[in-house]
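The block underneath contains the structure these notes are about, expressed in structure tokens.
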Amino acid sequence: MSTQDDQIQRLHYFDNQFLKAEDFTTEQEYHLEMRRRHNRVLHTKGVAEGLQIKKKDNKIITVKAGTAIDEDGNEIVLLKDLSIPLEDTINFPQNSTVYIFASHNENKEKPQPDNSREENQKTRFFENAVIKADTKEPDANDKGIVKLGRFKLDKDAKVPDEAQFLNSGFREEAAAKLPGFSISIQQLKTKVVAEGTKPIDAGLEFPVATYSNPVSSTSQNIGAFLLVYAYSKNEGGIFNWRQEYRTEKLAEDSELMYRQYVIFQNTSRIQINLQYKIYAVLES
């Protein structure tokens, strides 16, 4: 955006004013940058509407029309449904995970008429969405991409049913940035207090200590708001979890502590292999 002496510029029009291409460019830059500023300051990056991934057949997926916003505030707009073939088994081999992501692209198109004095110039900017499928996971630090979804090809390199897509924890959805002390889930996920893998027999419980503070502490913090992520890959495995607060000593000669636990309970009839990751935020 055009600036002068740290001030934002926009055109002031009046009758009989002489305008050059630079002036019209300044006008466009003002509106583009203000819109992008709005997007990146008031919204998180991600899909705003549409852009769902659908299975078309065993070797083709369709990305539905829609809109996303990247981290710089660019609008990624796919006007029509797009089919992506995955027939190339060299690039998309069996049992590989396929990642689908979008980015913004801009090109100069539509040349001047042949009789124009500026015939090498293009008369339009064309903006479009670039949708890619790759077996390499996109860089999490790439501000210019928005993750749409992922899935794992089967032993015959075929696209699985949509119910088996692995979008959870990967697909990015745009949202409003919250004011004041409010923060997004991604900003909350900074302090991991417990993670691991644990086999739990049917009907048994597994306690995980997530937070502790001496009763004598001047901070008087007795716990934290927790984000709990857990799953089991065992077919038929069912579990739940609850929070539990205890005031206890771990040994006779130890200090009395406030302790916060997450208790995982295997409610299925089989042993499960639990994988978990727990974040602690907003200590209180």
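For the reader, a short list of remarks on this structure follows.
Residue-by-condition table, conditions (1) assigned to a loop (DSSP other than H, G, I, E, B); (2) closer than 27 Å to S168 by Cα; (3) touching a Ser or Thr at 6+ places or on another chain (Cβ under 6 Å); (4) not aliphatic (A, V, I, L, M):
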| position | (1), (2), (3), (4) |
| --- | --- |
| A209 | no, yes, no, no |
| Y229 | no, yes, no, yes |
| G237 | yes, yes, yes, yes |
| A251 | yes, no, no, no |
| S254 | yes, no, no, yes |
| Q260 | no, no, yes, yes |
| S268 | yes, yes, no, yes |
| K277 | no, yes, no, yes |
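- Within the stretch 33-81, being within 18 Å of E162 (Cα to Cα) and either assigned to a loop (DSSP other than H, G, I, E, B) or polar (S, T, N, Q) (or both) holds for L51, Q52, N58, K59, T62, K64, A65, D81.
- Here V208 does not fit the description of being of a type in the set (A, V, I, L, M, F, W, C), under 30 Å from E235 (Cβ atoms) and modelled with pLDDT under 85.
- For L78, the conditions (1) over 25 Å from R124 (Cβ atoms); (2) surrounded by 15 or more Cβ atoms within 10 Å (Cβ to Cβ) all hold with the exception of (1).
- Neighbours by Cβ (under 9 Å, 6+ apart or cross-chain): first from the stretch 1-30, under 19 Å from G73 (Cα atoms) and modelled with pLDDT under 80; second among the basic types (K, R) and assigned to a loop (DSSP other than H, G, I, E, B): S2/R10
- Filter result for E75 (touching a residue at least 24 places away in the same chain (Cβ under 8 Å), out of contact with any Leu (no Cβ under 9 Å at 6 or more places or on another chain) and closer than 15 Å to I145 by Cβ): yes
- The set of residues from the stretch 131-166 being touching a Ser or Thr at 6+ places or on another chain (Cβ under 8 Å), under 22 Å from E75 (Cβ atoms) and of a type in the set (A, V, I, L, M, F, W, C) comprises I145, V146.
The values are calculated or read from the model by the stated rules, or taken from the named source; none is laboratory data. All values derive from a computational prediction rather than experimental measurement. Quick reminder, even Gly has a Cβ in these numbers, built from the backbone with ideal geometry, and neighbours come from all protein chains shown.
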